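Taking it in order: structure first as structure tokens, then the write-up.
The values are calculated or read from the model by the stated rules, or taken from the named source; none is laboratory data. Note that the structure is predicted; figures quoted are calculated from it, not measured. Cβ sites come from the backbone with ideal geometry, for glycine too, and all protein chains shown count toward neighbours. Side chains are part of the model used for accessible areas, which takes the heavy atoms of the whole protein and leaves out ligands, DNA and RNA. Shrake-Rupley method; radii C 1.70, N 1.55, O 1.52, S 1.80 Å.
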Amino acid sequence: MGAGERITLKVSPAVAFAPANLIVRAVIVADAENRAVEIVAESPEFYRSSMIQLEGDKAARVTTFEFHSLPPGSYEVRANLFGASGEPRASIRYPVNVLASGGGDR
């Protein structure tokens, strides 16, 4: 992580065939003010999110999320880090493409 980055994101795979399973790893710098992290996978036709509570600087540094059976589309995967008062502390975005399978599915 570079200076000042509170959260980084790794999404695997960046390109997949539908129905896709994504593994999202959020790496969060230990900080007493960290209270929650939300991961969102969103395309024009689909939305899914997951949020977990964090115990400040005692929270795990790496948090893993899995999104199963995503349909085709261009997705934006976002990680949003929140503080003690619910205020946003950091946000990061990662593009993912889920392609239609060759079997005529969309």
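Here are some notes:
- Measuring with a 1.4 angstrom probe and ignoring ligands and nucleic acids, residue 11 comes out at about 10 Å² accessible.
- Calculated FRET efficiency for the pair residue 69/residue 91, C-beta based, R₀ 30 Å, to 0.05: 0.70
- The smallest convex shape that holds all Cα atoms of region 12-82, its convex hull, gives 71 Å³ per residue.
- Portion, in percent, of the accessible area of the chain that falls on carbon or sulfur, probe 1.4 Å: 50
- Take the Cβ atoms of residue 23 and residue 100, set R0 to 22 Å, and the FRET efficiency comes out at 0.55.
- Here the spin labels are modelled as points 7 Å beyond Cα on the Cα-Cβ line, and at residue 60 and residue 42 they lie 2.6 nm apart.
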